[in-house]
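The structure appears below as structure tokens.
The values are calculated or read from the model by the stated rules, or taken from the named source; none is laboratory data. Just so it is clear, the model here is predicted, and its values are computed rather than measured. Note that we place each Cβ from the backbone using ideal geometry, even for glycine, and neighbour counts take in every protein chain shown.
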Amino acid sequence: MQNKSLLYRLMWLFKANIIISCMAIGGGYMIMPLMKKQFVEKGQIFTFDELIEMYAISQSAPGAIAINLSAITGYRVAGILGAILSCIAAVLPPLVIISIVATCYQQLINNHAINAALKGMMAAIAAIIIDVVIEMGKNVARTKEPLGLVTVAVIFFAAFVFDVNAILLIVSALVFYTIILNIQARGQK
């Protein structure tokens, strides 16, 4: 994609981010499979591993995951202009939809068909999130790093069986891996 003109890359980014934003009902976790389809499979701009790294960075930055990831991918494809245009494209559909819903709120809140459609969408979103988790788990398993696999299993068990606070799990994992990396660094000297 880098050998294409800047105008082509900007138009492609705008179209891709509009499509992703229109389809991303369910928040930041829905972005991953949509980004994978647009940027990895169709555009062949990034590898899935690169996209996962960008996704991790976008999760750690303040703000919405979708906007952060749009900015990162846009910057990687077309620089600052690509980041700005990607963010605009990511914000535009929700802004339009929210404006329409706000004007028709009273009519929509009591509509049984819309409520049924939203419940159906929740089931689909849950299935897609499970698919993303499985895909990311396969990626961790592919690295064959036993410590990573054990950490994932322990965190999952602690979160869902013992209902441990997510922030505590994140901080614990950061401390644990910092210690492990320091030990490994000392062992290589």
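Do we find a residue being under 22 Å from Ile65 (Cβ atoms) and either surrounded by 14 or more Cβ atoms within 10 Å (Cβ to Cβ) or without any contact (Cβ under 8 Å) to a residue 24 or more places away in the chain (or both) anywhere in region 103-113?
No; the residues of region 103-113 include none that is under 22 Å from Ile65 (Cβ atoms) and either surrounded by 14 or more Cβ atoms within 10 Å (Cβ to Cβ) or without any contact (Cβ under 8 Å) to a residue 24 or more places away in the chain (or both).
Taking the stated definitions as given, is Lys36 within 22 Å of Ile125 (Cβ to Cβ) and among the charged types (D, E, K, R)?
Criteria met by Lys36.
Do we find a residue being more than 30 Å from Leu174 (Cβ to Cβ) and not in a helix (DSSP H, G or I) anywhere in region 25-39?
There is at least one residue in region 25-39 that is more than 30 Å from Leu174 (Cβ to Cβ) and not in a helix (DSSP H, G or I).
Say whether the condition of being in the same structural domain as Pro33 (by TED's automatic domain parsing) and among the hydroxyl-bearing types (Ser, Thr, Tyr) is met by at least one residue in region 103-113.
yes
Taking the condition within 18 Å of Ile128 (Cβ to Cβ) and either modelled with pLDDT of 90 or more or surrounded by 15 or more Cβ atoms within 10 Å (Cβ to Cβ) (or both), does Lys15 pass?
Judged against the criteria, Lys15 is not a match.
Identify, please: which residue in region 1-12 is of a type in the set (A, V, I, L, M, F, W, C) and assigned to a helix (DSSP H, G or I) and is, among those, surrounded by the most Cβ atoms within 10 Å (Cβ to Cβ)?
Ranking the candidates gives Leu10 first.
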